[in-house]
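Have a look at this one.
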Amino acid sequence: MHHEPKIVAILNVTEDSFSDGGRHIAPEDAIVHGRALIRDGADILEVGPASSHPDASKVSARIQIERLRPVLDAFRDEPIPISVDATDPNVLRFAIESDVAFLNDVRGFSDPALHAELASSTASLVVVHSLLGETRATRNTATVSQVLESIDRFFSRRLDELVRAGIAENRLIIDPGMGFFLGSNENASLAVLREIESLRKRFGRPVFISVSRKSFLRKITGRSIDEIGAATLTAELFAASRGAAFVRTHEPSALRDGLTILSALE
């Protein structure tokens, strides 16, 4: 392992996230959970106001902003970078105005009308690939080669578009997608994990990986979400060993411990 990735802890302020929907929808619950994630070893706290799994309900920008505002206010003075996981342009604008450190968009910042504002901001941008470029994941089937070709085409085009729009290249982070963002073929996610180092070299940008509790792990193991912790940690440590610069997780404590043991062994 060449380095230790930044641990990005997931704080969902949603009603229907696939693994913890509704648990932290109240601002006071979200704030308590966020502080626990920080104590558990998070390097970055990522707040998501709307779900992106295939069965997720649409949530208006107004409601997403209402969900974000008290949480961002509570962590404004905390010594930890904050990320917002959103795709609606108005929600992204709110996050920019809130001066968050990272923006994570599952559509890969596809709206040209937002590019000037992104260029004038200071946030790092997590540019996410999804097979169909939708606002949520999909259950469509694709072969491994089709997925890898889609990733190559997407980043070749989108990174160039963003840089030409005035966004500094050193602010861009690439996320190839996982689970249903790559369709319903679990082998696609496995193949992409094996390609992390190749992606980093091909595009010259840090790689962001989010495998925590994902569908492909559950499909391979036959485990439920409540039983998928060991498989999640294994995939996260593999991603780290392949050079992922950021690993996004529901359980920063387990990942922190795993990275600590790997470091000690090396």
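Only one residue in ASP105, ASP77, ASP99, ASP73 is among the charged types (D, E, K, R) and surrounded by 22 or more Cβ atoms within 10 Å (Cβ to Cβ). Which one?
Working: ASP77 fails: surrounded by 22 or more Cβ atoms within 10 Å (Cβ to Cβ); ASP99 fails: surrounded by 22 or more Cβ atoms within 10 Å (Cβ to Cβ); ASP73 fails: surrounded by 22 or more Cβ atoms within 10 Å (Cβ to Cβ).
Checking each option against the conditions leaves just ASP105.
Looking at (1) on the phi > 0 side of the Ramachandran plot; (2) in contact with a strand residue (DSSP E or B) (Cβ under 9 Å, 6 or more places away or on another chain), which one does SER121 not meet, given that it meets all the others?
(1)
Could you list all residues from the stretch 193-217 that are assigned to a helix (DSSP H, G or I) and either small (Gly, Ala, Ser) or touching a residue at least 12 places away in the same chain (Cβ under 8 Å) (or both)?
If the condition is that a residue be assigned to a helix (DSSP H, G or I) and either small (Gly, Ala, Ser) or touching a residue at least 12 places away in the same chain (Cβ under 8 Å) (or both), then LEU193, ARG194, ILE196, GLU197, SER198, LEU199, ARG200, ARG202, PHE203, SER215, PHE216, LEU217 are the ones that fit.
Go through (1) of a type in the set (Gly, Ala, Ser); (2) without any contact (Cβ under 8 Å) to a residue 12 or more places away in the chain; (3) within 30 Å of ASP160 (Cα to Cα) one by one and return the number of the condition SER241 breaks.
(2) is the only condition that SER241 fails.
For the stretch 88-126, name all the residues that are over 18 Å from the mean Cα position of the chain (by Cα), farther than 19 Å from VAL59 by Cβ, of a type in the set (Ser, Thr, Tyr) and not in a helix (DSSP H, G or I).
Across the stretch 88-126, the qualifying residues are SER121, THR122.
Sort out which residues of the stretch 216-266 are touching a Lys or Arg at 6+ places or on another chain (Cβ under 9 Å) and at positive phi, and write them in order of number.
Within the stretch 216-266, GLY243 is the sole residue that qualifies.
Within the stretch 58-65, is there a residue that is among the polar types (S, T, N, Q), part of a helix (DSSP H, G or I) and touching a residue at least 24 places away in the same chain (Cβ under 8 Å)?
Looking only at the stretch 58-65, we keep the residues that are among the polar types (S, T, N, Q), and these are 60, 64.
Subset that is part of a helix (DSSP H, G or I): 64.
Right, trim to touching a residue at least 24 places away in the same chain (Cβ under 8 Å) and you get 64.
Yes, because at least one residue in the stretch 58-65 is among the polar types (S, T, N, Q), part of a helix (DSSP H, G or I) and touching a residue at least 24 places away in the same chain (Cβ under 8 Å).
Hey, can you tell me all the residues within the stretch 213-256 that are within 19 Å of LEU45 (Cβ to Cβ) and not aliphatic (A, V, I, L, M)?
Result: ARG213, THR232, GLU236, PHE246, ARG248, THR249, HIS250, GLU251, PRO252, SER253, ARG256.
In addition: Please work out which residue is farthest from the chain's Cα centre (by Cα), limiting yourself to the stretch 158-174 and to residues that are under 13 Å from PRO112 (Cα atoms) and assigned to a helix (DSSP H, G or I).
Filtering first and then ranking leaves ARG164.
Report, ordered by the first and then the second residue, all pairs with beta carbons closer than 8 Å, sequence separation of six or more or different chains, a first member in the stretch 23-34 that is surrounded by 13 or more Cβ atoms within 10 Å (Cβ to Cβ) and hydrophobic (A, V, I, L, M, F, W, C), and a second member that is at pLDDT 90 or above and not in a helix (DSSP H, G or I).
Sorted first by the residue in the stretch 23-34, then by its partner, the pairs are ILE25/VAL13; ALA30/LEU11; ALA30/VAL13; ALA30/VAL47.
Let me ask something else about it. Within the group ARG171, ARG205, which residue is closer than 22 Å to ALA95 by Cα and among the charged types (D, E, K, R)?
Exactly one of ARG171, ARG205 is closer than 22 Å to ALA95 by Cα and among the charged types (D, E, K, R), namely ARG171.
Ok, one more. Can you report the number of residues in the stretch 218-243 which are within 23 Å of SER184 (Cβ to Cβ) and either assigned to a loop (DSSP other than H, G, I, E, B) or in contact with a His (Cβ under 8 Å, 6 or more places away or on another chain) (or both)?
So the count comes out to 5.
The values are calculated or read from the model by the stated rules, or taken from the named source; none is laboratory data. Predicted model, so just to flag it, every value in this text is computed and none were measured. Cβ coordinates were reconstructed from backbone atoms using ideal geometry, including for glycine residues, and neighbour counts include every protein chain displayed.
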